[in-house]
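Colleague: First, the structure itself, so that you have it in front of you.
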Amino acid sequence: MPAFLTTAVSPFTSVYNRISQWRTELDLPNPGTVENLQKEVKNTHLTNFMFDGARADLTKGLSINPAFQVTHSFQLASQTSSPSYNFGAVFANENLFMQGGVDHDGNVNARFNQGWSQTNVSKIQAQFSQTVGHNMIQLEQDYQGQDYSANLKAVNPSPLDLTGIYIGNYLQSVTKNLSLGVETLYQRPTLDVSELSTSYLLKYVGREKDWIATAQIQPLGILQTTYWQKLSEKLEVAAELQVVAAPTRRDAVATLGARYDLRMATFRAQLDSTGKVSALLEQRFAPAFAFLVSGEIDHFKNSAKVGVGVMIESSTLTPEEMGMQQPYAGPA
């Protein structure tokens, strides 16, 4: 580098090195990703697990390292969706993750993750449907720093006119327990219509990491807060509060949930301020066979839902092969 350039940039280099050294001495932890900000609460509540009607998931493992498995999923007699069948496949190794599925209507979904390093992952998600307006492609780049995480997303981006949805977020550890972040969303569905909005994030982790509190302030007066606590090795509880204080709408919903893990079963229960009480039991009679039963009562609407399901797993590998090979531990 020429001498005059070295002289010009040396003050900036010195400041950068001092800041880097100061951050290293603080030894702040990685705060996790914005996408997983409420991971523990979602894993405790029933929102992502509740179903009604009858369902069956049949999974066959063909390989462990690399991981390769196929799944047949059936669902019928649901009050909220029509009968369906889905075929899915997963392939993964230490740096690569591929997942795909197709249903009985010909709708295709795919997911691709490429880990360039332990901290840098590129992701692609796609959905192709015969229904107009349901096709989607999402490009994503995720980076994990020593004490921060950053993520960029582009949903249905057009390089010609820059239409689409663009999302960027950043989460920074301020202390060993407190993290602050920001997420900005830019929407441009057409050339003459665009919208920019910013959300602010907070995450606080207990000293023993046995409880986590989060808050997210969104535009138009929307506040979402969560609290999760691990009471014992088997029992977890979680609470969520969503408040809408927009000029045209004022509303609030509170949700309480608990998860209890037994030796061969997991029980989840949940109730909210809209009058819904729900529960889900996953009972494993064997490592490769599980029975599920779920139920929900809506007291305000005087309605109820019930669901039953089975999950069956099989493998073409011998016990010796399963013991010799290590399970997949690739990028998240």
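Colleague: When you scan region 76-92, how many residues do you find that are touching a Gly at 6+ places or on another chain (Cβ under 6 Å) and touching a residue at least 24 places away in the same chain (Cβ under 8 Å)?
Modeller: 3
Colleague: Ok, one more. Taking A110, is it within 19 Å of V293 (Cβ to Cβ), part of a strand (DSSP E or B) and in contact with a strand residue (DSSP E or B) (Cβ under 6 Å, 6 or more places away or on another chain)?
Modeller: Judged against the criteria, A110 is not a match.
Colleague: Okay, next question. So the check is Cβ under 6 Å with 6+ separation or different chains; which pairs have a first residue in region 238-250 that's over 12 Å from P219 (Cβ atoms) and at pLDDT 90 or above and a second one that's small (G, A, S) and open to solvent by less than 40 Å² (accessible area, probe 1.4 Å)?
Modeller: Every condition considered, the pairs that remain are A238/G257.
Colleague: Working only within region 56-72, note down all residues that are part of a strand (DSSP E or B), among the β-branched types (V, I, T) and crowded, with 16+ Cβ neighbours inside 10 Å.
Modeller: Passing the criteria: T59, T71.
Colleague: Can you tell me which residue within region 266-282, out of those that are over 15 Å from E240 (Cβ atoms) and either modelled with pLDDT of 95 or more or among the aromatic types (F, W, Y) (or both), is most open to solvent (accessible area, probe 1.4 Å)?
Modeller: F267
Colleague: May I pose another question? Among the candidates L235, L241, L231, single out the residue that is surrounded by fewer than 17 Cβ atoms within 10 Å (Cβ to Cβ), under 20 Å from the mean Cα position of the chain (by Cα), within 30 Å of F267 (Cβ to Cβ) and of a type outside the set (S, T, Y).
Modeller: L241
Colleague: So which of Q75, Q146 is in a loop (DSSP other than H, G, I, E, B), in contact with a Lys or Arg (Cβ under 8 Å, 6 or more places away or on another chain) and modelled with pLDDT under 95?
Modeller: Q146
Colleague: Scan region 180-199 residue by residue and report those that are open to solvent by 70 Å² or more (accessible area, probe 1.4 Å) and under 14 Å from V155 (Cα atoms).
Modeller: Answer for region 180-199, where residues must be open to solvent by 70 Å² or more (accessible area, probe 1.4 Å) and under 14 Å from V155 (Cα atoms): Y186, P189.
Colleague: Which members of region 207-216 meet the condition of being under 22 Å from Y148 (Cβ atoms) and modelled with pLDDT of 95 or more?
Modeller: I212, A213, T214, A215, Q216
Colleague: Report yes if some residue within region 207-215 is open to solvent by 70 Å² or more (accessible area, probe 1.4 Å), in contact with a Ser or Thr (Cβ under 9 Å, 6 or more places away or on another chain) and not in a strand (DSSP E or B); otherwise report no.
Modeller: no
Colleague: To continue, here is another question. If only one of G88, G53 is more than 30 Å from R207 (Cα to Cα), out of contact with any Phe, Trp or Tyr (no Cβ under 6 Å at 6 or more places or on another chain), open to solvent by less than 80 Å² (accessible area, probe 1.4 Å) and modelled with pLDDT of 95 or more, which one is it?
Modeller: So the residue among G88, G53 that is more than 30 Å from R207 (Cα to Cα), out of contact with any Phe, Trp or Tyr (no Cβ under 6 Å at 6 or more places or on another chain), open to solvent by less than 80 Å² (accessible area, probe 1.4 Å) and modelled with pLDDT of 95 or more is G88.
Colleague: Filter region 218-273 down to the residues that are in a loop (DSSP other than H, G, I, E, B) and in contact with a Lys or Arg (Cβ under 8 Å, 6 or more places away or on another chain) and list them by number.
Modeller: Answer for region 218-273, where residues must be in a loop (DSSP other than H, G, I, E, B) and in contact with a Lys or Arg (Cβ under 8 Å, 6 or more places away or on another chain): L262, M264.
Colleague: Only residues that are of a type outside the set (D, E) and either touching a residue at least 40 places away in the same chain (Cβ under 8 Å) or open to solvent by 40 Å² or more (accessible area, probe 1.4 Å) (or both): list them for region 158-174, please.
Modeller: P159, L160, L162, I165, Y166, N169, Y170, L171, Q172, S173, V174
Colleague: Also, I was wondering about something else. When the residues of region 175-206 are filtered to those that are without any contact (Cβ under 8 Å) to a residue 24 or more places away in the chain and aliphatic (A, V, I, L, M), which remaining residue is nearest to A150 (Cα to Cα)?
Modeller: V182
Colleague: Being surrounded by 10 or more Cβ atoms within 10 Å (Cβ to Cβ), of a type in the set (S, T, N, Q) and not in a strand (DSSP E or B) is the filter here, so list the residues in region 131-140 that pass it.
Modeller: N135
Colleague: On the basis of being part of a strand (DSSP E or B) and more than 20 Å from the chain's Cα centre (by Cα), does V102 make the cut?
Modeller: So V102 passes the test.
The values are calculated or read from the model by the stated rules, or taken from the named source; none is laboratory data. Just so it is clear, the structure is predicted and the values come from calculations on it, not from any experiment. Backbone-built Cβ (ideal geometry, glycine too); neighbour counts: all protein chains shown. Calculation scope for accessible area: heavy atoms of the full protein, side chains included, ligands and nucleic acids excluded. Shrake-Rupley method; radii C 1.70, N 1.55, O 1.52, S 1.80 Å.
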